[in-house]
């Protein structure tokens, strides 16, 4: 398609001489702009994908895919109802649970927390908890005075395994002098760290029997947590659960509970993609300007080539190759840089933090303790295709203009 002479001439024009250095500098800046645009787009998309994937894995690992509540706010025959839900196709497990809010205090330190009470046998089936015990052991979780707390909560309260934390429930005992908050001390059996700040700083796990006594819900639970085989297909399963449980039940799936959160992430992702695409567009305009200047600078050479028998198609291909080389080299060098940075994003973050002494990814703001990145091959291909397409499209007009150069007019002004 392209002859060796055309390749040689195109590469020669890109290696400008001293008097043509300004044109060469613009070409190099065009290449750098495309490389930075492509690499930045790949890195940002990978981080956004990783952020969404990590949040989903932690939210869906710690919380059930579907939650079943009773209109009376308590379930007394929860084991029977759990067996009914387990019989629905697609349901993997059902966990009876008590949820309640408390104030955790140790000395003068106090923090609000959410108590989630389940049976000790059920917590062993939660890999996100069982595989992320930082201190202590789940073997000590079972007695009525034992709890498991998050690492950030333990840090803020100054707690260690074996020490006691006092939990204060706002729903206390009614007395002649008013409502007295319910208080009880529990021993820390283990400390977990799932890597999501919201959970590590605000969750306490308690044995189910102990919570029934503490929250005054004898032989009852507040809800059933249901895990299904495919989290993306909770709608039909929720419908079947609602039919099986009757009109006195309320069923919520994880998509309903977190819809606004994940929608906000998706909107932000789309906006970032659009904004960063403009970097590549601007770099493409730089290709147009540098090639037009190159065409003007080489008008005499074009006229001589035309008089020696070069066709308009040959001239067009020469300048198309010159511009396309900038786009192709910039796109693929940017792709390599973007993939490398995305693959080592956490290591790079740690290195920058150690050098600057600043925190670049605060867990309190971004929910996660590590900067995640997930490279999507389909997205990488689309970014590469867009970079190549824009850069190749930018070469069409300058190449066409070079081919339309009139030899007589060009030689007249030489």
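Collect the residues in the range 305-333 that are surrounded by fewer than 17 Cβ atoms within 10 Å (Cβ to Cβ) and outside any helix (DSSP H, G or I), keeping them in residue-number order.
Correct list: 308, 309, 311.
Tell me which residues, restricted to the range 99-130, are surrounded by fewer than 14 Cβ atoms within 10 Å (Cβ to Cβ), touching a residue at least 24 places away in the same chain (Cβ under 8 Å) and not in a strand (DSSP E or B).
Once the filter is applied, which keeps residues that are surrounded by fewer than 14 Cβ atoms within 10 Å (Cβ to Cβ), touching a residue at least 24 places away in the same chain (Cβ under 8 Å) and not in a strand (DSSP E or B), the range 99-130 yields 107, 127.
Does any residue of the range 200-217 turn out to be in contact (Cβ under 8 Å) with a residue 60 or more places away in the chain, surrounded by 21 or more Cβ atoms within 10 Å (Cβ to Cβ), touching a strand residue (DSSP E or B) at 6+ places or on another chain (Cβ under 8 Å) and over 30 Å from residue 77 (Cβ atoms)?
Yes.
Among the residues of the range 131-157, which ones are assigned to a loop (DSSP other than H, G, I, E, B) and either farther than 18 Å from residue 185 by Cα or at pLDDT 90 or above (or both)?
131, 132, 137
Within the range 389-399, which residues are assigned to a helix (DSSP H, G or I) and either under 18 Å from residue 342 (Cα atoms) or at pLDDT below 85 (or both)?
Answer for the range 389-399, where residues must be assigned to a helix (DSSP H, G or I) and either under 18 Å from residue 342 (Cα atoms) or at pLDDT below 85 (or both): 390, 391, 392, 393, 394, 396, 397, 398, 399.
Tell me which of these residue 192 doesn't satisfy, since it passes every other one: (1) closer than 30 Å to residue 245 by Cβ; (2) modelled with pLDDT of 90 or more.
Every listed condition holds for residue 192 apart from (1).
Would you check which residues across the range 27-68 are surrounded by 18 or more Cβ atoms within 10 Å (Cβ to Cβ) and more than 20 Å from the chain's Cα centre (by Cα) and list them?
27, 30, 31, 33, 34, 35, 36, 64, 66, 67, 68
May I ask you to list the residues in the range 227-248 that are in contact with a helix residue (DSSP H, G or I) (Cβ under 8 Å, 6 or more places away or on another chain) and not in a helix (DSSP H, G or I)?
Answer for the range 227-248, where residues must be in contact with a helix residue (DSSP H, G or I) (Cβ under 8 Å, 6 or more places away or on another chain) and not in a helix (DSSP H, G or I): just 228.
Consider residue 187 against the criteria (1) modelled with pLDDT of 85 or more; (2) assigned to a strand (DSSP E or B); (3) surrounded by fewer than 14 Cβ atoms within 10 Å (Cβ to Cβ): it satisfies all of them except one. Which criterion is unmet?
Of (1) modelled with pLDDT of 85 or more; (2) assigned to a strand (DSSP E or B); (3) surrounded by fewer than 14 Cβ atoms within 10 Å (Cβ to Cβ), only one is false for residue 187: (3).
Among 369, 331, 358, which is the only one that is more than 13 Å from residue 46 (Cα to Cα), touching a helix residue (DSSP H, G or I) at 6+ places or on another chain (Cβ under 7 Å) and at pLDDT below 85?
369
For (1) within 17 Å of residue 245 (Cα to Cα); (2) touching a residue at least 60 places away in the same chain (Cβ under 8 Å); (3) out of contact with any helix residue (DSSP H, G or I) (no Cβ under 6 Å at 6 or more places or on another chain), each residue gets a yes or a no:
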{"residue": "60", "(1), (2), (3)": "no, yes, no"}
{"residue": "73", "(1), (2), (3)": "yes, yes, yes"}
{"residue": "78", "(1), (2), (3)": "yes, yes, yes"}
{"residue": "150", "(1), (2), (3)": "no, no, no"}
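Pairs please, first residue from the range 363-386 and surrounded by fewer than 16 Cβ atoms within 10 Å (Cβ to Cβ), second anywhere and at pLDDT below 60 and not in a loop (DSSP other than H, G, I, E, B), Cβ atoms under 9 Å, 6+ apart in sequence or on different chains.
As it stands, the answer is 370/363, since those pairs meet every condition given.
So which residues in the range 253-303 are touching a strand residue (DSSP E or B) at 6+ places or on another chain (Cβ under 8 Å), modelled with pLDDT of 75 or more and either in a helix (DSSP H, G or I) or under 30 Å from residue 320 (Cβ atoms) (or both)?
254 - this is the single residue of the range 253-303 that is touching a strand residue (DSSP E or B) at 6+ places or on another chain (Cβ under 8 Å), modelled with pLDDT of 75 or more and either in a helix (DSSP H, G or I) or under 30 Å from residue 320 (Cβ atoms) (or both).
Could you tell me whether residue 339 is surrounded by 14 or more Cβ atoms within 10 Å (Cβ to Cβ), assigned to a helix (DSSP H, G or I), at pLDDT 80 or above and out of contact with any strand residue (DSSP E or B) (no Cβ under 6 Å at 6 or more places or on another chain)?
yes
Take the residues in the range 342-355 that are at pLDDT below 85, surrounded by fewer than 17 Cβ atoms within 10 Å (Cβ to Cβ) and under 16 Å from the mean Cα position of the chain (by Cα); name whichever of them is farthest from residue 58 (Cα to Cα).
It comes out as 349.
Looking at (1) under 19 Å from residue 254 (Cβ atoms); (2) surrounded by 16 or more Cβ atoms within 10 Å (Cβ to Cβ); (3) at pLDDT below 85, which one does residue 82 not meet, given that it meets all the others?
The one condition residue 82 does not meet is (3).
The values are calculated or read from the model by the stated rules, or taken from the named source; none is laboratory data. Computed from a predicted structure; not experimentally measured. Methodologically, a virtual Cβ is constructed for each residue, glycine included, from the backbone with ideal geometry; neighbour enumeration extends over all protein chains shown.
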